[in-house]
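Here is the structure we will look at, set down as structure tokens.
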Amino acid sequence: MTATPSNSPPRVVRAPRGNRLTCKTWQAEAALRMLMNNLDPEVAEDPANLIVYGGRGQAVRSWAAFDATVAALTQLEPDETLLMQSGKPVGVLRTHPDAPRVLLANSNLVPHWATQAHFDELARKGLIMFGQMTAGSWIYIGTQGILQGTFETFAACGRQHFGGDLRGRWVVTAGCGGMGGAQPLAVTLNGGVCLIADVDASKLERRRKDRYLDEICPELDVAIDRARQAASAGEARSIGVAVNVVELLERLLQRNLTPDALTDQTSAHDVHSYVPAGLSLAEAAALRASAPDEYAARSVSTMVQHVQAMVHLLERGSVVFDYGNNLRQRAHEAGFARAFAFPGFVPAYIRPEFCLGRGPFRWAALSGLAEDIYTIDAALLELFPQDAALGRWLSMARSRVQFQGLPARICWLGLGQRARAGVLFNELVRTGRVAAPIVIGRDHLDCGSVASPNRETEGMLDGSDAISDWALLNALVATASGASWVSFHHGGGVGIGYSQHAGQVIVADGSPEAHARLTRVLTNDPALGVLRHADAGYERALDCASREGLVLPMSGASVPAAKVKP
Ligand code: NAD
């Protein structure tokens, strides 16, 4: 863990609510509130140490940096831009009213030096922080942020492998943290049984309290039996057990049991967050502090055991996929040659969505009123009456999702839909149907803003997995289009050295200027995802580009010239 936050005194932060400005513009106000919301104890995994989620993903580098950021945002003029370098405010520059109010760069290192060891050394000196994805880009909204994506992934798994949904099937996974905690609910919403291990009982308890997890079983064999019985009975049920994942998988192998599906969302992207087998949480914390190199070595050797067990279960007939934490890569680097025997979730289930510019789009009500989110839910159903899946999702979300921090909603929308939704939100603010402006952003689990060869860009048709020009172009396009804040990150999701990605957030404050910015930003951001996949040769993306009238200067014969704008 980084030295700066753990040495700081605990503080409690909560975003202001309502429609009274503490800053000079709604863009700066939204940035201020979302930074604070990321650190709200209802939202963040370890707010006292400034950890938002994703292992050690932070929104700001230290409490001193937090105070300076809040002061800078409060004073920021409508034609100024605040610069954040890995969670520390480093300057305010004169730009113009349509420019982003904040530009953020997180965890970036020159490729030759982009190693975990070098990053950790810089973090120990207080020079850098790990921004993960939406932590460092100030648009984390709690576990809901990943819920629909996780739901869609398990839905696709059910369709592809089990002829429909997950009814009567048991899914084994691990990691019940900020994002992984969405797994039990996503599986039960698909009708299946989820058996989930987390080495930290308090994480299971937190998800149980927030209704993402149904029950916690105190004993491993009882938990396994309970999961199998629930599956046989066709019950949709989630069961948590507080053990190391390796203990669970090895017990399944010993007992000759084969789950229907198997995945994992432990924090394997970070060798210092993943917990080695054979250590209690307290022992792990002590070893991490006293001998970080030994901790890392034990962590990697547990990951090898972990992936070996997953491959055994694959061979026995489980449907196995990697869930975006770079676990296979770690095991492969440590010498397990068959670590990539199972696919990542993007090529397995999600890529067709990316070809349409679809991905986790999200918004939060700055009023703090749940009613504003429900008003938007209803307005969206009117805007897209033909979208049955959207209707199902919104009604399920309303009945099952508990808000964390500012009320928020996640929803997968694609090119065309996002701009229409953004303009609608602006109109709801303008006409007073919602009580305060709405802040709109997205995950970095995204179609056009991420280069991550073991995740978002795994197995691209043209082999362009590791090219990060697209992520850079995305950040530049969001800036040029007038997003309210734009960020560029390294290492999110999969760890230092393995990804580069960009984030953007835009505020609907009801003004005509916001209308114009929303139209540009929410068209151009998903458009880049369609262009990225069209350029790689995906027919579905080429068709989408053609339908939406995107200009592809070298599109060849696949895009009819008549449909491309002059
Ligand atoms: P987190 O740090 O909030 O939670 C990780 C959890 O794993 C913790 O509760 C921890 O106790 C548990 N854990 C660690 N080692 C363990 C072990 N050996 N056995 C059992 N439990 C163990 O992280 P998060 O935000 O939930 O993210 C989890 C991982 O998923 C990260 O690597 C993240 O990058 C990845 N992720 C994937 C997606 C996706 O859509 N696929 C999205 C977000 C995050």
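Select from segment 196-207 the residues that are touching a residue at least 24 places away in the same chain (Cβ under 8 Å), within 22 Å of Ala397 (Cα to Cα) and out of contact with any Pro (no Cβ under 7 Å at 6 or more places or on another chain) and list them in ascending order.
Selection gives Lys203, Leu204, Arg206.
Which residues, counting only those in segment 99-118, are surrounded by fewer than 24 Cβ atoms within 10 Å (Cβ to Cβ) and either part of a helix (DSSP H, G or I) or out of contact with any helix residue (DSSP H, G or I) (no Cβ under 8 Å at 6 or more places or on another chain) (or both)?
Passing the criteria: Ala105, Asn108, Val110, Pro111, His112, Trp113, Ala114, Thr115, Gln116, Ala117, His118.
Within segment 478-516, which residues are out of contact with any helix residue (DSSP H, G or I) (no Cβ under 6 Å at 6 or more places or on another chain) and either closer than 13 Å to Val439 by Cα or in a strand (DSSP E or B) (or both)?
Within segment 478-516, Ser487, His489, His490, Gly503, Val505 qualify.
Which residues, taken from segment 382-441, are among the hydroxyl-bearing types (Ser, Thr, Tyr) and touching an Asp or Glu at 6+ places or on another chain (Cβ under 9 Å)?
Ser395
For segment 372-405, what are the residues that are surrounded by fewer than 20 Cβ atoms within 10 Å (Cβ to Cβ) and touching a residue at least 60 places away in the same chain (Cβ under 8 Å)?
Met396, Ala397, Arg400, Gln402, Phe403
Taking segment 158-189 as the search range and keeping residues that are assigned to a loop (DSSP other than H, G, I, E, B) and more than 30 Å from Asp46 (Cα to Cα), which one is nearest to the ligand (Cβ to nearest atom)?
Within segment 158-189, the match that is nearest to the ligand (Cβ to nearest atom) is Leu166.
Please determine whether any residue of segment 198-205 is of a type in the set (S, T, N, Q) and either touching an Asp or Glu at 6+ places or on another chain (Cβ under 6 Å) or within 26 Å of Asn49 (Cβ to Cβ) (or both).
So far as segment 198-205 goes, yes, one or more of its residues are of a type in the set (S, T, N, Q) and either touching an Asp or Glu at 6+ places or on another chain (Cβ under 6 Å) or within 26 Å of Asn49 (Cβ to Cβ) (or both).
Look at Gly405 and say whether it is small (Gly, Ala, Ser), closer than 18 Å to Thr519 by Cα, within 20 Å of the chain's Cα centre (by Cα) and not in a helix (DSSP H, G or I).
Taking the combined requirement at face value, the residue does not satisfy it.
Evaluate segment 190-210: report whether one residue or more is farther than 23 Å from Gln404 by Cβ, within 9 Å of the ligand (Cβ to nearest atom), outside any strand (DSSP E or B) and of a type outside the set (Val, Ile, Thr).
The answer is no; no qualifying residue exists.
Which condition breaks for Gln58 when tested against (1) within 13 Å of the ligand (Cβ to nearest atom); (2) farther than 27 Å from Tyr295 by Cβ?
Among (1) within 13 Å of the ligand (Cβ to nearest atom); (2) farther than 27 Å from Tyr295 by Cβ, the lone unmet condition for Gln58 is (2).
Could you tell me which of the residues Thr134, Thr115, Thr74 is in contact with a Ser or Thr (Cβ under 7 Å, 6 or more places away or on another chain), modelled with pLDDT of 95 or more and not charged (D, E, K, R)?
So the residue among Thr134, Thr115, Thr74 that is in contact with a Ser or Thr (Cβ under 7 Å, 6 or more places away or on another chain), modelled with pLDDT of 95 or more and not charged (D, E, K, R) is Thr74.
Six or more apart or on different chains, Cβ atoms under 6 Å: show the pairs whose first residue is in segment 172-192 and over 20 Å from Thr134 (Cα atoms) and whose second is near the ligand (Cβ under 10 Å from one of its atoms) and not hydroxyl-bearing (Ser, Thr, Tyr).
That search, which allows pairs on different chains as well, returns Thr173/Gln183; Thr173/Ile196; Thr173/Asp264; Ala174/Ala197; Ala174/Val245; Ala174/Asp264; Pro184/Ile196.
Going through segment 228-246 one residue at a time, which ones are closer than 16 Å to Arg208 by Cα and away from the ligand (no atom under 16 Å from the Cβ)?
Ala236, Arg237
Does segment 87-109 include one or more residues that are within 16 Å of the ligand (Cβ to nearest atom) and either closer than 30 Å to Lys203 by Cβ or at pLDDT 95 or above (or both)?
yes
Consider segment 224-278. How many of its residues are buried (at least 23 other Cβ atoms within 10 Å of the Cβ), more than 27 Å from Ala348 (Cα to Cα), touching a residue at least 60 places away in the same chain (Cβ under 8 Å) and not aliphatic (A, V, I, L, M)?
0
What tally of residues in segment 264-286 results from selecting those that are more than 10 Å from the ligand (Cβ to nearest atom) and among the charged types (D, E, K, R)?
Qualifying residue count for the region: 1.
What is the one condition in (1) surrounded by fewer than 22 Cβ atoms within 10 Å (Cβ to Cβ); (2) more than 30 Å from Glu250 (Cβ to Cβ); (3) touching a residue at least 40 places away in the same chain (Cβ under 8 Å); (4) not basic (Lys, Arg) that Gln148 does not satisfy?
So Gln148 meets the others, but not (1).
So, Gly142, is that one assigned to a loop (DSSP other than H, G, I, E, B), crowded, with 23+ Cβ neighbours inside 10 Å and in contact (Cβ under 8 Å) with a residue 40 or more places away in the chain or not?
yes
A quick yes/no check of all residues on (1) among the aromatic types (Phe, Trp, Tyr); (2) in contact with a helix residue (DSSP H, G or I) (Cβ under 9 Å, 6 or more places away or on another chain); (3) buried (at least 20 other Cβ atoms within 10 Å of the Cβ); (4) more than 27 Å from Leu476 (Cβ to Cβ):
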| residue | (1), (2), (3), (4) |
| --- | --- |
| Pro407 | no, yes, yes, yes |
| Leu413 | no, yes, yes, no |
| Ala421 | no, yes, yes, no |
| Ala435 | no, yes, no, yes |
| Gly448 | no, yes, yes, no |
| Glu456 | no, yes, yes, no |
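For segment 303-323, what are the residues that are within 13 Å of the ligand (Cβ to nearest atom) and touching a helix residue (DSSP H, G or I) at 6+ places or on another chain (Cβ under 6 Å)?
Scanning segment 303-323 gives Met303, Val304, Gln305, His306, Val307, Ala309, Phe321, Asp322, Tyr323.
Among the residues that make up segment 21-43, is at least one of them away from the ligand (no atom under 16 Å from the Cβ), among the β-branched types (Val, Ile, Thr), in contact (Cβ under 8 Å) with a residue 12 or more places away in the chain and over 17 Å from Tyr140 (Cβ atoms)?
yes
Of the numbered conditions (1) surrounded by 24 or more Cβ atoms within 10 Å (Cβ to Cβ); (2) more than 16 Å from Gly493 (Cβ to Cβ); (3) of a type in the set (Gly, Ala, Ser); (4) within 12 Å of the ligand (Cβ to nearest atom), Ala365 satisfies every one except a single condition; which is it?
(4)
The values are calculated or read from the model by the stated rules, or taken from the named source; none is laboratory data. Fair warning: this is a prediction, and the values are worked out from it, not measured in the lab. Glycine gets a Cβ as well: all are built from the backbone with ideal geometry, and neighbour counts include every protein chain shown.
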